[in-house]
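Written below as structure tokens is the structure these notes are about.
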Amino acid sequence: MALTDVKVRNAKPAEKQVKLFDYDGLFLLVLPPGRKTPNGGKCWRLKYRFNGKEKLLALGTYPEISLAEARERRDIARKQLANGIDPGEVKKAQKAARIENAANTFEAVTREWHEKFKSQWTENHAGRLMRRLELDVFPLIGTRPIGEIKAPEILGVLRRIEMRSLETAHRVRIACGQVCRYAVATGRAERNPVEDIRGALPPVKNKHFSAPTDPKDVAPLLRAMDGFTGSFVVKCAMQLSPLLFVRPGELRHAEWQEIDFEAEQWNIPGEKMKMREPHIVPLSRQALEIFKALHPLTGTGKYVFPCHRSPLRCMSENAVNAGLRRLGFEKSEITGHGFRAMARTILDEVLQVRPDFVEHQLSHAVKDPNGRAYNRTAHLAERRKMMQTWSDYLDGLKGGAKVIPMRKAE
């Protein structure tokens with residue numbers, strides 16, 4: 001007799017499994033209690049023959065799949081058999097497709113891309129990038145197969161971010177474009193949909209880090225830093241910021257083993273640099289004096305500028321900026337990163353140093369006429385001379401030397 005809902009519902013587990021047959025090969029398998037099924041279990045099965053062999057097809061479990069739903073699945077399988085298709089193989093193919101789709105979701109591909117390329121980024125950048133994607137992108141399209149994502153979906157994600165920060169939206173767009181290009185290259189997508197939304201976001205107005213770029217405004221800043229009465233470590237970091245004009249993160253992560261007093265240079269390893277390339281900072285006489293004055297205080301530790309709470313960490317990223325605020329300079333006047341803009345502007349427009357020398361010292365990507373990037377020793381002799389000239393010039397400003405007017409833009 002055919003099964004009924006009542007008979008299926010009331011079926012009790014026994015010591016051995018029991019089969020309750022419906023018709024056309026469908027039956028309910030009642031499992032005995034076990035380690036995985038302490039209360040037993042009920043599973044739908046379809047017995048059928050294909051190419052002369054008897055086979056079983058799992059159709060789901062009860063009560064998740066009702067008797068009526070199990071019969072519908074049986075009827076679909078029988079239609080496949082009538083068309084010469086093995087329903088068991090269809091199920092295997094569907095399962096394989098689900099596994100492949102799970103491995104090819106936007107989130108899965110993004111995490112694979114991130115893991116593959118994070119060694120080329122700073123640790124902070126890699127972490128910040130993944131947090132942006134986890135916060136703004138994965139909740140919306142993370143589970144979608146990357147090969148099926150269309151341009152409007154990407155744009156919808158970016159529009160939501162734009163409401164909070166246009167700059168962040170652009171950064172996420174770039175990251176999504178890199179992920180999609182990786183997906184195309186690895187065969188998970190046919191094309192990059194991010195290319196189709198180029199120009200769909202309003203452009204970001206360039207922001208410049210605050211800094212005095214007129215020599216007459218630099219002298220009071222330098223004298224104020226020399227008179228700083230707070231932490232000596234922070235004072236040295238502030239004094240070195242304009243002399244070396246490295247990125248703030250590079251300065252605070254400086255280690256004593258990188259400072260070569262004999263060669264009079266600071267050798268920054270590639271993993272600490274934004275461009276992931278080693279960088280040489282020639283040390284002027286004035287810079288060396290600051291390092292030597294600081295060495296008795298922090299030279300027994302790892303970091304040149306250790307955290308005041310724990311010498312095992314470098315000082316806070318806000319230490320220099322906090323020192324500048326303590327001296328009375330507002331964020332709109334100067335930031336730790338702004339010393340790079342100050343040096344670049346004055347070296348070019350006042351001291352008339354060759355721009356490529358300055359760009360090399362700023363650790364920007366500078367290429368030769370053949371398109372190859374210069375190595376870290378490029379123009380090193382000229383850069384040593386430039387760094388000493390720069391330090392002497394700043395000393396002159398502090399001492400009240402006559403200020404050379406800036407060249408007017410032609």
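The values are calculated or read from the model by the stated rules, or taken from the named source; none is laboratory data. If you're wondering where the values come from, they're calculated on a predicted model, not measured in any experiment. Here the Cβ positions follow ideal geometry from the backbone for every residue, glycine too, while neighbour counts run over all protein chains shown.
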The condition of being aliphatic (A, V, I, L, M), at pLDDT 95 or above and in the same structural domain as Leu394 (by TED's automatic domain parsing) holds, among Leu283, Leu347, Leu327, only for Leu283
Are there helices (runs of 4 or more DSSP H) fully within the range 201-275 with at least 2 residues that are β-branched (Val, Ile, Thr) and out of contact with any strand residue (DSSP E or B) (no Cβ under 8 Å at 6 or more places or on another chain)? List them. none
Residue tally, condition touching a Lys or Arg at 6+ places or on another chain (Cβ under 9 Å) and not β-branched (Val, Ile, Thr), over the range 134-150: 4
Yes or no: Ala77 crowded, with 18+ Cβ neighbours inside 10 Å, assigned by TED's automatic domain parsing to the domain that holds Trp44, modelled with pLDDT of 85 or more and of a type in the set (Gly, Ala, Ser)? yes
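Residues are listed down the side, and each one gets a yes or a no for (1) touching a Lys or Arg at 6+ places or on another chain (Cβ under 7 Å); (2) part of a loop (DSSP other than H, G, I, E, B); (3) within 27 Å of Glu123 (Cβ to Cβ):
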site	(1), (2), (3)
Phe291	no, no, yes
Glu317	yes, yes, yes
Gly328	no, yes, no
Lys331	no, yes, yes
Leu351	no, yes, no
Only residues in the range 165-183 that are more than 13 Å from Leu133 (Cα to Cα) count as the first member; pair them with residues that are outside any helix (DSSP H, G or I) and not β-branched (Val, Ile, Thr), Cβ under 6 angstrom, at least 6 apart or cross-chain, and list the lot. Cys180/Asn192; Arg181/Asn192; Ala183/Ala189
Please verify whether the range 264-276 includes one or more residues that are touching a Gly at 6+ places or on another chain (Cβ under 9 Å), under 18 Å from Ala293 (Cβ atoms) and not assigned by TED's automatic domain parsing to the domain that holds Thr122. no
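From the list Asp392, Asp368, Asp356, pick out the single residue that is among the charged types (D, E, K, R) and at pLDDT 90 or above.
Matching residue, one of Asp392, Asp368, Asp356: Asp392.
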Pair list, Cβ under 6 Å, 6 or more apart: the range 1-26 residue loosely packed, with under 14 Cβ neighbours inside 10 Å, other residue acidic (Asp, Glu): Ala2/Asp22
